[in-house]
1. Since LYS130 meets every condition but one in (1) exposed (fewer than 14 other Cβ atoms within 10 Å of the Cβ); (2) in contact with a Lys or Arg (Cβ under 6 Å, 6 or more places away or on another chain); (3) of a type outside the set (A, V, I, L, M, F, W, C), which condition does it not meet?
2. Name the residue, out of LEU74, LEU49, that is buried (at least 16 other Cβ atoms within 10 Å of the Cβ) and modelled with pLDDT of 95 or more.
3. Return a yes/no flag: does segment 72-88 have any residue that is under 20 Å from the mean Cα position of the chain (by Cα) and in a helix (DSSP H, G or I).
4. What's the number of the condition LEU22 fails, among (1) assigned to a helix (DSSP H, G or I); (2) surrounded by fewer than 13 Cβ atoms within 10 Å (Cβ to Cβ); (3) modelled with pLDDT of 70 or more?
5. Considering each residue of segment 58-70, count those that are farther than 13 Å from PHE158 by Cβ, surrounded by fewer than 17 Cβ atoms within 10 Å (Cβ to Cβ) and touching a residue at least 12 places away in the same chain (Cβ under 8 Å), and give that number.
Amino acid sequence: MHGQVYHLKPLADGFGLEFLELWFNFLHEVIFQKLMNREFKEDELASTLRAMLALETEQVNRRLSWFGTLQGFLFASLAFTWDKNRTLTIIISMLGMVVALLVLIGLIAVTLSLERIRNFWLKNKPPHYKGPDIFGFYPDKAKFTVYTSPEILLPLAFMIAWICILFIKPPG
């Protein structure tokens, strides 16, 4: 596992996300390799990984909170400019799409991180560990379904809404 490089190109094809690939490789080298080279007590590994999960889920919460707030402000702005200024309507719609895309990319990054933590746990779980699993639920048989969660689909739905708005001609 040491020196393993993760390639995100299949997932991020066309998005130009080289920085995400560098970030994941950095996280892998710094965090996971330090965990691999350390002896843990039976419950200590689970506690450490649960703390990492808590941090990742807090990131999701934070991103979705400001995403919802910003989208609400953008839709309110759209209502004020709808029949007054077509150019401003287009700018607001484009901004809404870009923000939704950026949040979607961030949420996919968190999902990849959660997958990595899950895989690390499965490979390094102490053989006699009797405590609870670090994940309450994880779809082991259909792993792709983690990408169809509401957290991931919400920015996609807003992107589609903003695209539809661009094709609707305001009255006047």
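The values are calculated or read from the model by the stated rules, or taken from the named source; none is laboratory data. Source: prediction; values computed, not measured. Cβ placement follows ideal geometry from the backbone for every residue including glycine, while neighbour counts extend to all protein chains displayed.
1. It is condition (2) that LYS130 fails.
2. Exactly one of LEU74, LEU49 is buried (at least 16 other Cβ atoms within 10 Å of the Cβ) and modelled with pLDDT of 95 or more, namely LEU74.
3. no
4. Of the numbered conditions (1) assigned to a helix (DSSP H, G or I); (2) surrounded by fewer than 13 Cβ atoms within 10 Å (Cβ to Cβ); (3) modelled with pLDDT of 70 or more, the odd one out for LEU22 is (3).
5. 1
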